[in-house]
Amino acid sequence: MQPFTSHIAVAAPLLKDDINTDQIAPILHSRSLKEDYRAMLFHRARRREDGSEDPNFILNKPQFRNAGILVTGNNFGAGSSREAAVWSMLANNIRVIVAKSFADIYRENCLQNGLLPLVLEPPEAEAFAARVIGVDGAAPFTVDLVSQRISGPGGADVAFEVAAADRSRLLEGLDDIGLTLKHMDEIAGWERRAAAAQPWLQTAKDSR
Amino acid sequence: MPRTLFDKIWDFHLVGQRSDGRDLIYIDRHVLHELHAHHAFAHLEKERRAVHRPDLTFAVQDHTVATKPGRDDETNPSGTAFLKSMREGTRQNGIRLFDIDDPEQGISHVVAPEVGMVLPGATHAVPDSHASTVGGVGALAFGCGASEMTHILVTQVMALKRPKRMRARLDGRLSEQVSAKDVALRLIAELGVAGARGYVVEYAGTTVGAMPIEQRMTLCNLNIEMGGRSGLVAPDDKTFAWLYGRPYVPKDAAWDRALSYWRTLVTDVDAEFDREVAVDCGALEPQITWGTDPSQVVGISGRVPDPAAIDPSRWSAAESAFAYMGLQPGTPLNGLPIDRVFIGSCTNSRLPDLEVSAAVVRGRRVAEGVAAMVVPGSTRVKREAEAAGLDRVFRDAGFFWGESGCSMCAGGNGDRGEPGERCVSTTNRNFENRQGPKVRTHLASPATAAASAITGRITDVRKLLSGAA
């Protein structure tokens, strides 16, 4: 996984609650095993009925075309477990999402991919959103995971907190599977104990 | 110290703690589906990693399979590559695949309990957000992303933060034609789409106790629609009787031993939950969504709400829902003309769902101009329904009777509505464009969907059956 230390980018405001994975990365009619994740992001919202770009959608506006930070509301990423909803962000160089809250599975998927899911509490979240609207893409913000601060135009630094465990994993870009593989002896021990205590859990056979 | 059912399952499955503080939770049964599995197979090959327990891992073809009778790999061209990749990946990794023509093929969340693969007190994971369906038999299930799926394949554990515990007490006797779907929609309406975020929900109370296992699965299926991490019901005699004799369930002495363990799988009397909620279900009428998220729900006799009655924080969501759904505040739901009905999905495609629908449909005809389809949740459900003659009931009435799969729930197999159509659907998400671009989805129970197909309007099934609709 690509480590995350800091990210300097324009912040785009998409200030709605409950933006779901069907909106972020819709299941399109024709698909392949190798998806174009860059084109998938907000595929429907980005386009008008005739298929042309909707100039009013935030990420289509000239100042936000290269936005690398998304600022949004409550419960971002609700819905499906589809990781494409994270990959499509990364394919567009969006590496930070600032929200009031995230859906559980979406947040996990972010952490698996080095996308920083950053939660600000309501008063700070609203103040920061207002600031992002005011700046209107004129200058970038810096999100620094080492100092846990957002700095940039239009105001003082904003402090945030990421749980220590998640933070170190992001900072070091640790391979999640690699971390767990250090515990294979414990896993084997558990399997032996389970086979004695609840043997039916350790075998799954069709008895027909 | 008294423990909840969740605590007992979690504690038993706790392998250890990782250096980053996460609990390693052993996964007893891992089920893959073809839409996401190819990501994991590619990873395994690239990193030269092996599947730790192929014998505890299963795979189904469900998201992209066509429902057309006589289907094959090519019937849905956009699914072909996924089906083939799944076949190849499971062959290389020694994983039992319930392939497109397998007698046990179907939607993972329907198949896993139906063959007895998931058991009370077992942990279960699927790379799909509706994994907790199997909570209906007392299993603890987690939906996960593709990276976590790969992690489970290699290690057989998930690295999780211990969730909080919620108990939803559902009490009261359900009225005729009111079912778990209506209860779940009401609960989501009360708690909101993020109301259970971070929680594992135990569904308890007299309403749940009286529910057949299939309805408990419907209830647990919709847990994610209020943001829950997982949801489950304590197993009881009904659960044990339901499981007995299924192909993957332990037999003979092993059954007796398992049963005595399963009887300990209850929440202790003084165990504490982080949150308790209660809903009186005795007076509940059939429920239906009016908007574009599963919490935008009213009773069938209700109207599209007035913004004045909506929490101000939800106004902008309601405004866009009014526009997308083509509805004005104050419009009664009952009587709204519809174009399409879908009965199926991991929410409501088990045999009793089809029986209830067929009982409404029997001897009636689908209204002119309405496209109505029934897609059984598994090939086994389909077989059993056909043995009972239900397919004839549906077909005689003008329904399409399909092969099993996820179908129109998310349209991943090409089954979709046309732009602007209004659809009554027994599925789990009424998100914009989910069932096809600009399709307007109303979530409801199988009984409500069946009744609406007959009249061509959103219908109170009780009125149809009493001759008043």
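In the stretch B:437-451, is there at least one residue being at positive phi and not β-branched (V, I, T)?
Looking for residues that are at positive phi and not β-branched (V, I, T), one finds at least one in the stretch B:437-451, hence yes.
For the stretch B:412-428, enumerate the residues that are within 13 Å of chain A (Cβ to nearest Cβ) and either in contact with a helix residue (DSSP H, G or I) (Cβ under 8 Å, 6 or more places away or on another chain) or closer than 27 Å to B:T133 by Cβ (or both).
Result: B:G412, B:N413, B:G414, B:D415, B:R416, B:G417, B:T427, B:N428.
Across the stretch B:169-194, what is the total count of residues that are of a type in the set (V, I, T) and part of a helix (DSSP H, G or I)?
Adding up the residues that qualify gives 2.
Checking B:A410 against (1) at pLDDT below 95; (2) more than 15 Å from the chain's Cα centre (by Cα), only one condition comes out false. Which one?
Among (1) at pLDDT below 95; (2) more than 15 Å from the chain's Cα centre (by Cα), the lone unmet condition for B:A410 is (2).
Look through the stretch B:252-274, keep the residues that are within 24 Å of B:A125 (Cα to Cα) and of a type in the set (S, T, N, Q), and return whichever of them is surrounded by the most Cβ atoms within 10 Å (Cβ to Cβ).
So the residue we want is B:T267.
Okay, residues lined up against (1) more than 25 Å from the chain's Cα centre (by Cα); (2) more than 11 Å from chain A (Cβ to nearest Cβ):
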| residue | (1), (2) |
| --- | --- |
| B:V31 | no, no |
| B:F41 | yes, no |
| B:D62 | no, yes |
| B:V65 | no, yes |
| B:E74 | yes, yes |
| B:M86 | no, no |
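crowded, with 20+ Cβ neighbours inside 10 Å and either touching a residue at least 60 places away in the same chain (Cβ under 8 Å) or within 27 Å of the chain's Cα centre (by Cα) (or both): is that true of B:G377 in this structure?
So B:G377 fits the description; yes.
Just name the residue that is farthest from B:V115 (Cα to Cα) out of those in the stretch B:232-251 that are surrounded by 21 or more Cβ atoms within 10 Å (Cβ to Cβ) and either within 14 Å of another protein chain (Cβ to nearest Cβ) or of a type in the set (K, R) (or both).
The residue in question is B:P235.
Okay, residues lined up against (1) crowded, with 22+ Cβ neighbours inside 10 Å; (2) charged (D, E, K, R); (3) not in a helix (DSSP H, G or I):
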| position | (1), (2), (3) |
| --- | --- |
| B:V65 | yes, no, yes |
| B:D73 | no, yes, yes |
| B:S78 | no, no, yes |
| B:M86 | yes, no, no |
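Do you know which residues across the stretch B:278-289 are hydrophobic (A, V, I, L, M, F, W, C) and surrounded by fewer than 17 Cβ atoms within 10 Å (Cβ to Cβ)?
Within the stretch B:278-289, B:A278, B:A283 meet the criteria.
Considering only the stretch A:183-208, state which residues are facing chain B (nearest Cβ under 8 Å), over 22 Å from B:L259 (Cα atoms) and charged (D, E, K, R).
Once the filter is applied, which keeps residues that are facing chain B (nearest Cβ under 8 Å), over 22 Å from B:L259 (Cα atoms) and charged (D, E, K, R), the stretch A:183-208 yields only A:E186.
The values are calculated or read from the model by the stated rules, or taken from the named source; none is laboratory data. Small disclaimer: the values here were computed from a predicted structure and weren't measured. Positions of Cβ are generated from backbone atoms using ideal geometry, with glycine treated the same way; all protein chains shown enter the neighbour counts.
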